[in-house]
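The values are calculated or read from the model by the stated rules, or taken from the named source; none is laboratory data. This is a predicted model, so every value here is computed, not measured. Cβ sites come from the backbone with ideal geometry, for glycine too, and all protein chains shown count toward neighbours.
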Amino acid sequence: MNCLPMPAGDGVRDDTESIQALLDSGLSAVRLPPPPKFYSISRALCIHSGTSLILDRFTVIRLSDGADSHMLMTDGEQSENISVSGGIWDFNNQGQAPNPMRIPPEDGDYAAVTHFIFYFENVKNLYVGDLTMKDPTIFASVFDHAEQFTVRNITFDFNYGKPNATNMDGIHLNGGCRFGRIENLKGPCYDDMVALNADEGRGGPIEDIQIDGLFCEGCHSAVRLLSRGWPVQRVHISNVFGTFFQYCVGVTRYSDEGREGVFDQIHLSDIYASKAPRLPVHGKEGGYVYALIWIEGGLTVGNLQIDRLHRREAVTAIPTLSVMPGARINVLGLEHVSQENGTGEPFPVILNRGSIGKMYLRDVQPGGDILLENHGVISQGESPENC
């Protein structure tokens, strides 16, 4: 340990080699002491199995200008027992290449300019927590084929986009992720706070995920579920507080490519949310306006349960739940749902343009608006008058 070079942390010298030497040393716990200023890295740090990387809560580690790389990643092999805690991880997006989804690279090499604060692939038993993710260019963190993981106590500090505030997810799960808990996330993102996208990365089912405690104001969306063939199932989303200019929760397919979207056993509970205004910085002006809970066409949901959802709306007169044409829900249940409409324009609690096999409603309070506007098919359902 005494022979290893210690990082300077003066914000001037490059600390990459000295931090990487500590991570390669075989130490089970790598602790970076509080720096005089901040740690500066010029390429991705690689963390190995059996390693905890520990920073003080407000120690800054910053990606240097022109680095155009991830900040921290696994080594590409099957990894296990990794922990990352503490720190303000500053991607410094104004010093990196622009968001390739907005300004495509001239040579067409998207991979060369698509980088994240954290990229964890093929990892089991992973902990990420008690830290801040600051100013990414695109997604802040990506998990691909991660199993038995916990992400908790995360603050998102997204101040700028390059060139604009779009495509900036917080926690982004690619396919193959299972047995994960994501909890206590704070601060708005300029895309999904949490995205479960089963057909991205190498693709694969996303299963057995709990998301609990999302807090933000003026955020794009709380959670997006996406499937174009690989299933997303057994997901519980709870305790969401905030305002969202896209939707609060979206069950989506997004593209006509691939197979039908497949979802099952999706449970939303304890949602206290409403719409936020769209601002020019969001790049969404004049586009389609989404419901608070939005079910896209071209997909099938086996079972969707929504309970204890309460909406007090003053911004956008749009349904609380929309089921779009081409969407099929086998069983839809709503319990203890209320809405208060302060927009001056009526909107329904439920707008159905798809196909619902069985729908049951219990203690659904439309607040003087229409409970159900049905332009699709409901095969079996309780009468709205009895709810």
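The number of residues in region 145-163 being free of Cβ contacts under 8 Å to residues at least 60 places away in the same chain, in contact with a strand residue (DSSP E or B) (Cβ under 7 Å, 6 or more places away or on another chain) and either on the phi > 0 side of the Ramachandran plot or not in a strand (DSSP E or B) (or both) comes to 4. Based on this model, can you work out whether Asp192 counts as buried (at least 18 other Cβ atoms within 10 Å of the Cβ) and either within 20 Å of His267 (Cα to Cα) or modelled with pLDDT under 95 (or both)? Yes; evaluated as a whole, the condition is true for this residue.
Scanning region 126-142 for residues that are closer than 17 Å to Phe156 by Cα, crowded, with 17+ Cβ neighbours inside 10 Å and not polar (S, T, N, Q) yields Val128, Asp130, Leu131, Met133, Lys134, Asp135, Pro136, Ile138, Phe139, Ala140, Val142. Within region 311-331, one or more residues are among the acidic types (Asp, Glu) and either crowded, with 17+ Cβ neighbours inside 10 Å or on the phi > 0 side of the Ramachandran plot (or both).
Among the residues making up region 1-60, those that are under 19 Å from Gly76 (Cβ atoms) and small (Gly, Ala, Ser) are Gly26, Ala44, Ser49, Gly50. Residues that are touching a Ser or Thr at 6+ places or on another chain (Cβ under 6 Å), touching a residue at least 60 places away in the same chain (Cβ under 8 Å) and closer than 20 Å to Asn159 by Cα occur at least once in region 84-93.
Step by step: first the residues of region 88-101, then only those that are assigned to a loop (DSSP other than H, G, I, E, B) and of a type in the set (A, V, I, L, M, F, W, C), then the one that is farthest from the chain's Cα centre (by Cα). Which residue is that? Per the criteria, the residue is Ala97. Only one entry of Val281, Val235, Val249 meets the criterion of being of a type in the set (Val, Ile, Thr) and either outside any strand (DSSP E or B) or farther than 28 Å from Ala165 by Cβ (or both), and that entry is Val281. Of the numbered criteria (1) among the small types (Gly, Ala, Ser); (2) at pLDDT below 95; (3) under 22 Å from Val60 (Cα atoms); (4) touching a strand residue (DSSP E or B) at 6+ places or on another chain (Cβ under 8 Å), the one Gly76 fails is (3).
Yes or no: Phe179 in a strand (DSSP E or B), aromatic (Phe, Trp, Tyr) and surrounded by fewer than 21 Cβ atoms within 10 Å (Cβ to Cβ)? In short, yes. Considering the conditions (1) surrounded by 16 or more Cβ atoms within 10 Å (Cβ to Cβ); (2) more than 29 Å from Gly176 (Cα to Cα); (3) not charged (D, E, K, R), Phe263 is excluded by exactly one of them, (2). Quick check on region 102-125: of everything there that is hydrophobic (A, V, I, L, M, F, W, C) and more than 17 Å from the chain's Cα centre (by Cα), which residue is surrounded by the fewest Cβ atoms within 10 Å (Cβ to Cβ)? In this case the residue turns out to be Ala111. Looking across region 196-229, the residues that are touching a residue at least 40 places away in the same chain (Cβ under 8 Å), buried (at least 24 other Cβ atoms within 10 Å of the Cβ) and either charged (D, E, K, R) or within 16 Å of Cys177 (Cβ to Cβ) (or both) come down to Leu225, Ser227.
Could you tell me how many of the residues in region 157-189 are of a type in the set (Phe, Trp, Tyr), at pLDDT 95 or above and within 24 Å of Ala111 (Cα to Cα)?
1
For region 113-130, the condition of being out of contact with any Cys (no Cβ under 8 Å at 6 or more places or on another chain) and modelled with pLDDT under 95 holds for at least one residue.
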